[in-house]
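Working notes, structure below.
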Amino acid sequence: MTAPHPIAQASLLGPSRRTMGSETVTDALKAMIIMRKLLVIAAAAGAAVGAKIGIDKLRRSSRAESTIADLRRRGRHLAGQAKGVTYHTLRRHPDANVDDATLADRVRSSIGPLEKRLHVPRVHVTVENGTVILHGEVPDNEAEAEIVKAVEGIAGVRDARSHLTTT
């Protein structure tokens, strides 16, 4: 009579705390990892086949072009989100050595949510040799200080000059 496979033996044992040899545990872990990989591959293949079938059906429908364009747009969006998650997971930081136009875009995108939260209509941003110059109207001095502090924390900003006026 042959001995049962380590995984089968482990599942037969159930939640009991019987000790197994280190080789048996290692074999069981390797088998579990292989099973997980196969499951992921099977899920990806199933999703690809399902997407292909869905796209083929859409090509025959009247709204095909707009729906396919929407699917492509969503795919690009998800790809961008995946890049962002990877970027943050790896704890990467933005490059501080960028040209003024890129730095101005970086500043605008960083302070956009802050402008919305502080109810500031528009802060105009210009950059000269890494120095950020801010123009516009803010409701109070606290809002101005918060915006300047946020700008100073952006990678690549050497100095921040505020020409913001309070209303």
Legend entry - So VAL157, is it under 26 Å from the mean Cα position of the chain (by Cα), in a loop (DSSP other than H, G, I, E, B) and not hydroxyl-bearing (Ser, Thr, Tyr): yes
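Have a look at LEU71, LEU58 and point out the one that is surrounded by 10 or more Cβ atoms within 10 Å (Cβ to Cβ) and modelled with pLDDT under 75. Reasoning before the result, please.
Working: LEU71 fails: modelled with pLDDT under 75.
So the residue among LEU71, LEU58 that is surrounded by 10 or more Cβ atoms within 10 Å (Cβ to Cβ) and modelled with pLDDT under 75 is LEU58.
Out of all the residues in the range 85-107, which are hydrophobic (A, V, I, L, M, F, W, C) and either modelled with pLDDT of 85 or more or assigned to a loop (DSSP other than H, G, I, E, B) (or both)?
Here is the first cut: in the range 85-107, the ones hydrophobic (A, V, I, L, M, F, W, C) are 85, 90, 96, 98, 101, 103-104, 107.
Selection gives LEU90, ALA96, VAL98, ALA101, LEU103, ALA104, VAL107.
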Legend entry - Residue satisfying all of: in the range 22-53; in contact with a helix residue (DSSP H, G or I) (Cβ under 9 Å, 6 or more places away or on another chain) and among the small types (Gly, Ala, Ser); modelled with the lowest pLDDT among these: ALA51
Inset, instruction - Would you check if there is a residue in the range 108-126 being crowded, with 17+ Cβ neighbours inside 10 Å and in a loop (DSSP other than H, G, I, E, B)? - result: yes
Inset, instruction - Please go through the range 124-146 and pick out each residue that is in contact with a helix residue (DSSP H, G or I) (Cβ under 6 Å, 6 or more places away or on another chain) and either of a type outside the set (A, V, I, L, M, F, W, C) or closer than 19 Å to LEU103 by Cα (or both). - result: VAL125, VAL127, VAL132
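The values are calculated or read from the model by the stated rules, or taken from the named source; none is laboratory data. None of these values were measured; they are calculated from a predicted model. Heads up, the Cβs are rebuilt from the backbone with ideal geometry, glycines too, and the neighbour counts pull from every protein chain shown.
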